[in-house]
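One structure below.
The values are calculated or read from the model by the stated rules, or taken from the named source; none is laboratory data. Everything numeric in this text was worked out from a predicted model, so none of it was measured. Here Cβ is always computed from backbone atoms with ideal geometry, including for glycine, and neighbour counts include all displayed protein chains.
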Amino acid sequence: MLDLLFDASFMASVPRFVTPILLAALGGALCERAGVFNIALEGFILTGAFAAVLGSYFSGSPWLGAIAAMAAGIAIGLVFAEFHLRRGGDAIVVSIAINILAAGLTTYLLRAIFDVMGAFSDPAIVGFQPVRIPLIADIPVLGRVLSGQSPLVYVALLAVPAVHIFLARHRLGLRMRAAGENAAALEAGGVSPRRVRLWALVGCGTFCGLAGAQLSIANVNLFVENMSAGRGWIAIVAVLLTRGRPLPLFLIAAIFGTVDSFSFRVQGLGLAQQFTDMMPYLATLMVLVALSWWRKRQTA
Amino acid sequence: QDRFFVYVSPDPIGVNAFLQLGQKGIEAAGEEYGAEVRTYESRTAAERLENVNAAVNEGADIVVLLGFEFNDIVRQIAPTAPDTQFLIVDQCIEDRPENVHCAVFREYEASYLLGVEAGLLSETGRVGVVGALDIPFLHRHTDGYAEGVRSVAPDTEVDVRWVGGENPFADPVRAKEQAVAMHAAGADYILSATSGGDFGVFEAAREEGFKVFTVDVNHCPSTPGHIVDVMLKRVDTAVVQAIGDILEGQHDIVMSLGLKEGGMSTLALEGDLLADSQCLIAEHPEVIEKVREVAASIIDGSLELQDPMFAQ
Amino acid sequence: MGRLRTLLPNPEKAQPLPMRAVLSGITVRFGDLVAVNNVSLTIEPGEIHAVVGENGAGKTTLMNALFGLVQPEAGKILLDGNERHWASPQEAIAAGLGMVHQHFMLQDSMTVLENIVLTAEPVGRLGFVDFARARRLLTARAKAHGITLPLDRRVDSLSVGEKQVVEILKLLYRDSRLLILDEPTSVLTPREKERLFGVLKSFRDEGRAVVLITHKLDEVMESADRVSVMRGGHLVSSGPLSATSREEIARQIVGGGLPAPRQRTARVAGDTVLSVERLEVAGRGRTVGPLSFSVRAGEIVGIAGVSGNGQAELIAALTGLRRPLSGSISLLGRPIEALDVEARRRAGMSYIPEDRQRVGLALAASISENANAGRDDRTAFTRGAFLDRKAMARFARMLIERYRIRAAGPSVPAATLSGGNKQKLVVGRELERGTPLIIAENPTWGVDIGAIDFIHGELLRLRGEGHALLLVSSELDEILALSDRILVMFDGRFAGEVSGAEADPERIGSMMTSGAAELLPEVA
Amino acid sequence: MRKHIYRTLLAGDLLSWLGVAGAILAVILVLMLMVGAPVGEALQGFWSGAFGGRRYAYLMTTLSRAAIIIGMAVSVLLSFRAGLFNIGGEGQLVAGGLVAALTAILLPGPPLLVLAVSVLAAMLAGALWALLAGVLQLYVGVPLLVGSLLLNYPARYIASYLVAHPFRDVPSGMLQSHLVPQETWLPYFPGTRLDIGILFIAAASIFAVIYSHATLHGYHARLNGLSPDFARAVGLPVKKLALQTLAMSGAIAGLVGAIAVFGIHHRYIDGMLVQPLYAWTGIIAVLLVGMIPWAVPLSGFFFAAVETGAAGMERAAAVPKEIALVIQAVIILFVASRVSGALSVSAERKGADDA
Ligand SMILES: Nc1ncnc2c1ncn2[C@@H]1O[C@H](COP(=O)(O)OP(=O)(O)OP(=O)(O)O)[C@@H](O)[C@H]1O
Ligand SMILES: Nc1ncnc2c1ncn2[C@@H]1O[C@H](COP(=O)(O)OP(=O)(O)OP(=O)(O)O)[C@@H](O)[C@H]1O
Ligand SMILES: [Mg+2]
Ligand SMILES: [Mg+2]
């Protein structure tokens, strides 16, 4: 029964689920720390997923697909910047609009370019091949978790410490934190918070683009409408819970991702599909409740 | 060219072979009977209603509707649109207005045959089937399959799972995960009835190295060496045929298509197609033998299967 | 980013080059409001140059223009004779200007060092910050002026005095040759002030130019070399201190006659209205209290102290905005610590909050909507569940008149009011309720002399009518001017009580002292 | 909120508004040309698809969509004005629709009574679902924005489960409940296929306008929205206000769900209230007009027309109807980025201090 849940292929599937959430959350963290309330991660991811398929389909290379995804993510980030930073639109309003824009544009282009509605799959879409890491691969269970994953999984893992160090010690990182905490002070020092936030949005776009690529050309090789399916929101919760700190962020993302892949397994136990579908969101909500409660205790 | 046919799909057609067949059928009918043809794709319950309304509004002579999703809608609209004929495929509604016709398939006959094959071929004593959504209609695939398995291998376990999620009929991601999970649980032969999700299952088969059965059209070439056999559902020919009958002025047409009528089949039964189908079943003559036996007994009625759709 | 390197301090360089700044014909406009009107001014090196004037006179704006924070509409800025234009303050900073702003410009969650290097970071490879280098340079400079500060403490753990020191260190680190300090002493204890001026003088003696914006004339008199007076955006006068006098300056500030200093008519206090017993409240980090005191009818009890010593927590507990940990509060003999805000107000309490922007008013709402909020006599402006807009407007107009609020009318957003008029609206709304107890928290913060005088008058009037007033203020002068009894708060406790009659600033000042003073050198 | 209009008109003089309109049209045009659509026919199709048809059949479709969207818009309007960022309308809508259908199916009795009870039950269900998010925020500390959103998913899947297993209409072959009794169906306006549900929505809209401008509760709720610190300091019962307002929002969302059941689908079909993004469209309809109550029905109708018009455009000129979403989003980006602001705390930050 338990072995039915925790078989090796389950272990192997966990990173597949963690990575998109983790990458998106890292992007969200940059925005959070820089003081941009970006709740459009869902839209960012979706755009990335579509661009990845587009890029891979026309170039035949998953790497170019990933690059296209990052470019698209950055483009959406710039749209966000234009309307929030430059035109002064409310971040929440802009976010909602961008989520809708992404959903509409991807489905529209899907039909405009490939003349299909719903989902697009084609042999010409080349996905990432699993990377086999020599020694690690031979470790019994762990081997299947750490080795044989898509390159983006390793990118995500490396990104966690990278972002942490960047925020702690890099000039731009320092300024992002300042923009998020006391922008007026930054401005008085002669650095425009807007420019700093623009960079945060660019970074966010890059990470979310990769998150999308992991979904559409690493986990599978195709694009499906609304493929992000709530992951962006879960990433946002992770960001809010950890206030954008990369290391805790990794833990939370790992939990959510594990529950996500776990929910597939429990169907085997005859649990109604609707309840397994619900699990990731309930888990998210519960973690949220638990932490909020704990924080309340702390402050009070 | 004054005739005007409209095909309303219940869901986005996308990679959904079944809905693609419907479109193929309507286009063929357009050719054959010289009619202008339009396809309205729907994504939501509201859109289905609006599309059928629109079809009537645009003055369609015949509206072809795939799937049970349209029952209520037809009941509502058909009486108010006397000069439009409705053809529902896959579903027959009782006490229907006379401008409503239907063509249904007995999928369970073909899935039964696939089950027989799985039962005979499985080495692990465990086979699986993944359906898009836990709805009665899809039990025609899953239950028929399970029946078939048990008929030849009583103690082989059948693992049944559903894709579910946001869009069950077009979610290769979830379909793939379910297949992987079932294989991890020991299933070595898996029937995929997930329409849009099938590609995901094929990918899983390629990566994890198990064998799959599939439905609607011959996918074998897309994943050589992994697809055993295919349930053929001849929606296109059915549509053309039914429209012909309608145009002849027949009233209240009810088609039920199974092995007997040639509306349902599997590649194993199609000597001519089988040769270059690239399906694994071709390498198991003894299984083919057995399957054709069973098929024959279903056709001559000596073996009676009842429709799982209304079981439960 | 090459420029950043150039403005990094360089310890070898002993003396900074002197720099003379000349402002000529500067005009700054905000919409149709002329904040600074054709002002010409020279700032000499090796001088402390005081700039005084009432609120909104344009002091800050003028300096912001010099510093590149606002773009003047007309006028020139010359440094050592050559005209300069700032695209951003960064350029002004690079040119050797430095500014300590009216409000702290600090990142609370960062360390002192991070705060100091921010926007002038010494970068190593790939743009990573070279903190070690910054630390070396900084300690060298600080020592030169005998300043010590724990560079690795988080700023939010510092006292306000210490924060002010961090602001100074920022300028030192950037080796600013012209330092602008905008009301730097408003948050400091007398002792800290003394030491701050010590440092400023040692800056001056090094040949740096120091501009000191202040409202406090004694500071001007004891430390400035030159003084400029602004009024309504114009420069009224500018010259050496020796050439003018305290009274002269004061008259120039208000433009004509000074309001007569208020006389508190002696008055015997009545029965106890508010009494607080061993009250303890959770504060940031530490608990505030236990505090015990009482306020009687017809007296003003002043709570003095540098802000951040627990006054906010005390008031939150009294008004019901925060649950106390323990202790009892009774109003007119009735225990109220369990009641919520509304119940307490009904029980006879009014509250003039310090932060009119957020707490005192809903800026986006109209004056009328603000005026009628929290009224006890709801029936007076409602019919059943519905509002009587006319009655609401009537009430608002009445306040506007009675409290001389400069406003376009009851239906304009409160945001369009000037700071002083915003404050008058808050004061009016609260005082109009005529409750036995009135709690006033820095009621004249950031408003000009005219408004201050008016508000003080109102508070004294209510005292005369036998209301009990609790006045919390970080302005010692205000406390001294109004209070019958003075409680001095330090580090969450009362450091002592003195009666208003024999209160003397030195003594109270010493009670208010915080640790920050030790960071600055004693002045010989 | 009239202030918004002023600010908008001041912010953008006529010229720049023309600029905005131009930009929006440009985007739409580019998308059309991308699929090589004949622009003339497309626009023609858009117009007839939104307002035309035999005996205005398409206009009726637009109205019936508008009813749902406006309803959801009114629901969030009440929350937003009170500074409650409740984006859980979807969950409340689903709760209402489901409960309405199940009550009508299970409850015996005279049709009108059953209808009335079902509608009330639906409103109660919506209110409770909204309150759940409110309680999470006020007593647990889960931000409403996130809490309300996450609660959408359990609502969706619980409803799906109930119509998939216990209350499923098995023979229909779909994930859906049984039909509600035919006598409880909302009648159509004579000679049309538009049900009278829209009258309920009109009533709700009128209520919202009066509530927002003329009632003490609306006044206090708004003060709380503009500055919670202020509301607390002047002794308004902020928690009670928030919960009551959320309950009202939820109740209206529930009402909308009931109307979708009794007016349009006559049963609860899995996903029927989720997939069309009614809740989100409602939200942007509110944002478009900067939360001005009387303007909300207009923008709701406008967005409904964009959607049905796009469908018409697809029929007439093969322009994928998904363009509707793009159009809506672009409009929000350009327009709302000038109107919005009072939405989040940024409103308070605007009033720069003087001293
Ligand atoms: N950003 C701004 N927008 C609009 N008006 C402004 C702005 N900044 C300053 N003002 C106005 O310009 C005038 C001068 O303001 P300034 O801050 O220079 O006065 P001040 O002399 O510094 O007063 P205080 O002593 O209160 O600091 C005031 O009327 C103020 O309201
Ligand atoms: N946020 C704002 N919105 C609109 N107008 C404003 C705003 N801030 C200031 N003003 C206008 O600028 C004028 C000066 O504002 P400010 O608050 O600086 O007055 P002030 O000179 O400081 O007066 P006081 O001494 O009473 O504060 C106000 O009368 C007001 O009309
Ligand atoms: Mg100033
Ligand atoms: Mg002022």
Taking segment C:384-421 as the search range and keeping residues that are under 30 Å from C:LEU274 (Cβ atoms) and not aliphatic (A, V, I, L, M), which one is farthest from ligand 1 (Cβ to nearest atom)?
-> C:PHE395
Could you grab the pairs with beta carbons closer than 7 Å, sequence gap of 6+ or different chains, first residue in segment C:418-447 and at positive phi and assigned by TED's automatic domain parsing to the domain that holds C:ALA481, second one within 15 Å of ligand 1 (Cβ to nearest atom) and polar (S, T, N, Q)?
-> C:GLY446/C:ASN55
What are the residues in segment C:448-471 that are among the hydrophobic types (A, V, I, L, M, F, W, C), away from ligand 4 (no atom under 15 Å from the Cβ) and touching a residue at least 40 places away in the same chain (Cβ under 8 Å), if any?
-> C:LEU459, C:LEU460, C:ALA468, C:LEU469, C:LEU470, C:LEU471
How many residues does segment A:148-192 contain that are farther than 23 Å from A:LEU64 by Cα and not in a helix (DSSP H, G or I)?
-> 6
Please verify whether segment C:510-520 includes one or more residues that are part of a loop (DSSP other than H, G, I, E, B), at pLDDT below 80 and crowded, with 23+ Cβ neighbours inside 10 Å.
-> yes
Is there a residue in segment C:234-253 that is over 30 Å from C:ALA95 (Cβ atoms) and either within 14 Å of another protein chain (Cβ to nearest Cβ) or within 16 Å of ligand 2 (Cβ to nearest atom) (or both)?
-> yes
Unmet criterion (only one of (1) at pLDDT below 85; (2) within 16 Å of ligand 1 (Cβ to nearest atom)) for C:LYS424 = (1)
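Considering segment A:251-279 alone, what residues qualify as being surrounded by fewer than 19 Cβ atoms within 10 Å (Cβ to Cβ) and within 10 Å of another protein chain (Cβ to nearest Cβ)? Walk me through it before giving the result.
Pass one, segment A:251-279, residues surrounded by fewer than 19 Cβ atoms within 10 Å (Cβ to Cβ): A:251, A:254-255, A:266, A:269-272, A:275, A:279.
Across segment A:251-279, the qualifying residues are A:VAL266, A:GLY270, A:ALA272, A:PHE275, A:MET279.
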Does any residue of segment A:33-51 turn out to be modelled with pLDDT under 95 and among the aromatic types (Phe, Trp, Tyr)?
-> yes
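Look through C:GLY409, C:GLY450, C:GLY446, C:GLY457 and report the one residue that is over 17 Å from C:GLY360 (Cβ atoms) and not in a helix (DSSP H, G or I). Reasoning before the result, please.
Working: C:GLY450 fails: not in a helix (DSSP H, G or I); C:GLY446 fails: over 17 Å from C:GLY360 (Cβ atoms); C:GLY457 fails: not in a helix (DSSP H, G or I).
The unique qualifying residue is C:GLY409.
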Just to be sure, is C:ARG429 within 14 Å of chain D (Cβ to nearest Cβ), part of a helix (DSSP H, G or I), within 30 Å of D:SER227 (Cβ to Cβ) and at pLDDT 90 or above?
-> yes
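Looking only at helices (runs of 4 or more DSSP H) that fall completely inside segment D:21-107, which ones have 2 or more residues that are under 23 Å from the mean Cα position of the chain (by Cα) and aliphatic (A, V, I, L, M)?
Working: elements: D:39-51, D:57-81, D:89-106.
So the answer is D:57-81, D:89-106.
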Say whether the condition of being assigned to a loop (DSSP other than H, G, I, E, B) and over 22 Å from the mean Cα position of the chain (by Cα) is met by at least one residue in segment C:473-483.
-> no
Of the numbered conditions (1) assigned to a helix (DSSP H, G or I); (2) away from chain D (no Cβ under 14 Å), A:ALA103 satisfies every one except a single condition; which is it?
-> (2)
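Kindly indicate the residue of segment D:122-149 that is of a type in the set (A, V, I, L, M, F, W, C) and free of Cβ contacts under 8 Å to residues at least 40 places away in the same chain and also surrounded by the fewest Cβ atoms within 10 Å (Cβ to Cβ) among those meeting that condition.
It comes out as D:VAL140.
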Meets criteria (modelled with pLDDT under 95 and within 17 Å of B:VAL215 (Cβ to Cβ)) for B:ARG96 = no
Return the pairs, sorted by first residue and then second, in which the second residue is basic (Lys, Arg), the first residue lies in segment C:80-92 and is facing another protein chain (nearest Cβ under 9 Å), the beta carbons are less than 9 Å apart, and the residues are 6+ apart or on different chains.
-> C:GLN90/C:ARG3; C:GLU91/C:ARG3; C:GLU91/C:ARG84; C:ALA92/C:ARG84
Kindly check whether there is at least one residue in segment B:76-87 that is more than 9 Å from every other protein chain (Cβ to nearest Cβ) and among the charged types (D, E, K, R).
-> yes
For segment C:461-473, which residues satisfy the criterion of being surrounded by fewer than 24 Cβ atoms within 10 Å (Cβ to Cβ) and over 15 Å from C:ARG264 (Cβ atoms)?
-> none
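Looking at segment D:229-250, which of its residues are crowded, with 24+ Cβ neighbours inside 10 Å and either in contact with a His (Cβ under 8 Å, 6 or more places away or on another chain) or assigned to a helix (DSSP H, G or I) (or both)? Quick ask: steps written out before the conclusion?
Residues of segment D:229-250 crowded, with 24+ Cβ neighbours inside 10 Å: D:230-231, D:233-234, D:242, D:245-246, D:248-250.
Answer for segment D:229-250, where residues must be crowded, with 24+ Cβ neighbours inside 10 Å and either in contact with a His (Cβ under 8 Å, 6 or more places away or on another chain) or assigned to a helix (DSSP H, G or I) (or both): D:PHE230, D:ALA231, D:ALA233, D:ALA242, D:THR245, D:LEU246, D:MET248, D:SER249, D:GLY250.
Here are B:TYR40, B:TYR33: which of them is surrounded by fewer than 24 Cβ atoms within 10 Å (Cβ to Cβ), more than 16 Å from D:HIS265 (Cα to Cα) and more than 10 Å from every other protein chain (Cβ to nearest Cβ)? If you could, list the steps in order and put the result at the bottom.
On the way: B:TYR40 fails: more than 10 Å from every other protein chain (Cβ to nearest Cβ).
Checking each option against the conditions leaves just B:TYR33.
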If you take the residues in segment C:24-45 that are near ligand 1 (Cβ under 10 Å from one of its atoms) and assigned to a strand (DSSP E or B), which one is surrounded by the most Cβ atoms within 10 Å (Cβ to Cβ)?
-> C:VAL36
In the set D:ILE259, D:ILE210, which member is β-branched (Val, Ile, Thr), within 27 Å of D:ALA95 (Cα to Cα), within 14 Å of chain C (Cβ to nearest Cβ) and part of a helix (DSSP H, G or I)?
-> D:ILE210
Answer residue from segment C:177-199, given it is at pLDDT 90 or above and in contact with a Pro (Cβ under 9 Å, 6 or more places away or on another chain) and is nearest to ligand 3 (Cβ to nearest atom) among those = C:LEU178
Of everything in segment C:46-63 that's more than 6 Å from ligand 1 (Cβ to nearest atom) and within 16 Å of the chain's Cα centre (by Cα), which residue is farthest from the other protein chains (Cβ to nearest Cβ)?
-> C:VAL52
Of (1) among the hydroxyl-bearing types (Ser, Thr, Tyr); (2) in contact with a Lys or Arg (Cβ under 7 Å, 6 or more places away or on another chain); (3) within 16 Å of ligand 4 (Cβ to nearest atom), C:THR61 satisfies all except one. Which?
-> (2)
Read through the list (1) within 16 Å of ligand 2 (Cβ to nearest atom); (2) away from every other protein chain (no Cβ under 12 Å); (3) buried (at least 23 other Cβ atoms within 10 Å of the Cβ), then give the number of the only condition that C:GLY420 fails.
-> (2)
Sole residue being over 26 Å from C:ILE329 (Cβ atoms), more than 16 Å from ligand 2 (Cβ to nearest atom) and either at pLDDT 90 or above or not basic (Lys, Arg) (or both), chosen from C:ALA396, C:ALA414, C:ALA407 | C:ALA396
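Quick grid of which residues meet (1) at pLDDT 90 or above; (2) away from ligand 4 (no atom under 16 Å from the Cβ); (3) within 20 Å of the chain's Cα centre (by Cα):
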position	(1), (2), (3)
C:PRO150	no, yes, no
C:ASP156	no, yes, yes
C:GLN164	no, yes, yes
C:VAL211	yes, yes, yes
C:LEU217	no, yes, yes
C:PRO261	no, yes, no
